[in-house]
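What follows is a short report on a single structure.
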Amino acid sequence: MIGELYEQSLAGLACPQAERADGRPHPLPVQRWLHGAPGDSSLLDRCTGPTLDVGAGPGRLTVALAERGVPALAIDVTPYAVQLARSSGALALQRDVFGYLPGTGRWATVLLADDNIGIGGEPAALLCRARALLATDGQVLAEVGPPGTVSWRQPVRLRTSAGPGAWFPWAWIGADQVDRLGDAAGLCVTEIWTDSGRWFAALRGAPAARPTLGGQP
């Protein structure tokens with residue numbers, strides 16, 4: 001679990017940075033998670049049908065979808081984040097994406113915004129799980145890094161001047177890595193786009209191979 005420092009940051013009680021195992025720091029974009037950011041609309045525009053918002057945090061995207069009339073469920077492992085999402089009017093559950101979830105096999109969209117494709121440190125495994133959650137014609141919408149981003153997978157922790165929190169696994173991938181990871185999960189990329197400096201990818205179930213006749217394609 002991401003830990004107490006994350007909850008404190010959501011409550012405005014701390015301003016931690018994310019620190020990788022190699023020592024590199026990254027700012028934690030808490031205000032974006034709480035209030036939204038440029039680029040959100042292009043992601044929301046592509047959410048069709050019942051949407052599962054994975055790692056939803058305080059639920060801004062789930063709330064925005066509900067306001068558009070799109071059924072949406074937020075899930076997050078952090079109790080305070082789920083509380084904030086519910087207080088904003090989101091339908092939210094405290095759940096791990098790899099655990100039991102309602103609607104498995106029936107979601108039209110699985111949303112991995114805010115770099116949540118890195119959850120668990122294994123993007124290929126997460127995409128496999130997302131595919132299992134989707135309806136036959138469903139899609140995964142994921143936020144990724146720009147093309148040319150150096151992909152990495154390592155432990156991350158939050159740190160303030162008072163000290164660090166616990167380590168948790170995370171990963172980061174660029175837009176040009178999504179095809180390979182999607183293939184491993186039985187998904188194919190249908191769109192890559194950028195908006196307001198952010199990059200996104202849409203993936204759907206890979207089409208079944210066409211039957212062959214007499215061993216010929």
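Residue-wise HN-Hα couplings along the stretch 173-190, as the Karplus relation 6.51 cos²θ - 1.76 cosθ + 1.60 with θ = phi - 60° gives them from phi, are 10, x, 4, 7, 9, 5, 3, 4, 5, x, 4, 5, 9, x, 10, 10, 6, 9 Hz; Gly and Pro carry x.
3J(HN,Hα) along the stretch 67-72: 5, 8, x, 9, x, 8 Hz, from the Karplus curve 6.51 cos²θ - 1.76 cosθ + 1.60 with θ = phi - 60°, whole Hz, x for Gly and Pro. Taking other residues whose beta carbon is less than 12 angstrom from the beta carbon of Gly163, and scoring Lys, Arg as +1 and Asp, Glu as -1, yields 0.
Taking all protein chains together and a 1.4 Å probe, the residues Phe200, Phe168, Phe98 rank Phe98, Phe168, Phe200 from largest to smallest accessible area. If the Kirkwood radius is taken over C-alpha pairs of the stretch 76-131, then at 4 °C and 1.567 mPa s the Stokes-Einstein diffusion coefficient equals 104 µm²/s.
Translational diffusion of the stretch 102-183 was estimated from the Stokes-Einstein equation, with Rh taken as the Kirkwood radius over Cα pairs; at 25 °C and 0.890 mPa s the coefficient is 178 µm²/s. Separation of the stretch 142-211 and the stretch 43-62, taken as the distance between their Cα centroids, equals 17 angstrom.
Legend: translational diffusion of the stretch 11-137 by Stokes-Einstein, Rh = Kirkwood radius over C-alpha pairs, 37 °C, 0.692 mPa s; D = 217 µm²/s.
Three principal axis extents of the stretch 151-209 based on alpha-carbon atoms, in descending order, are 54, 28, 15 Å. Ranking Arg32, Arg131 from most to least accessible surface, computed with a 1.4 Å probe over the protein chains only, gives Arg131, Arg32. Using Cβ point charges alone (K and R +1, D and E -1), the dipole size of the chain about the Cα centre works out to roughly 220 debye. Arg60 exposes around 30 Å² of accessible area when a 1.4 Å probe is run over every protein chain in place. Over the stretch 1-160, Cα pairs under 8 Å with separation of 6+ residues give a relative contact order of 25 percent. Two numbers describe the Cα atoms of the chain: Rg and Dmax, which are 17.6, 70 Å.
Couplings 3J(HN,Hα) of the stretch 40-49, computed from phi: 4, 4, 5, 6, 5, 4, 9, 7, 10, x Hz, in residue order, whole Hz [Karplus 6.51 cos²θ - 1.76 cosθ + 1.60, θ = phi - 60°; x for Gly and Pro]. Only Lys, Arg, Asp and Glu carry charge here, each on its Cβ (+1 for the first two, -1 for the last two); on that basis the stretch 96-166 has a dipole of about 180 debye about its Cα centre.
Of Ser87, Ser42, the order by accessible heavy-atom surface (1.4 Å probe, DNA, RNA and ligands excluded), from most exposed downward, is Ser87, Ser42.
The values are calculated or read from the model by the stated rules, or taken from the named source; none is laboratory data. As the structure is a computational prediction, the values presented were derived from the model and not from experiment. Cβ coordinates were reconstructed from backbone atoms using ideal geometry, including for glycine residues, and neighbour counts include every protein chain displayed. Note: areas computed on protein heavy atoms with side chains; ligands, DNA, RNA excluded. Shrake-Rupley method; radii C 1.70, N 1.55, O 1.52, S 1.80 Å.
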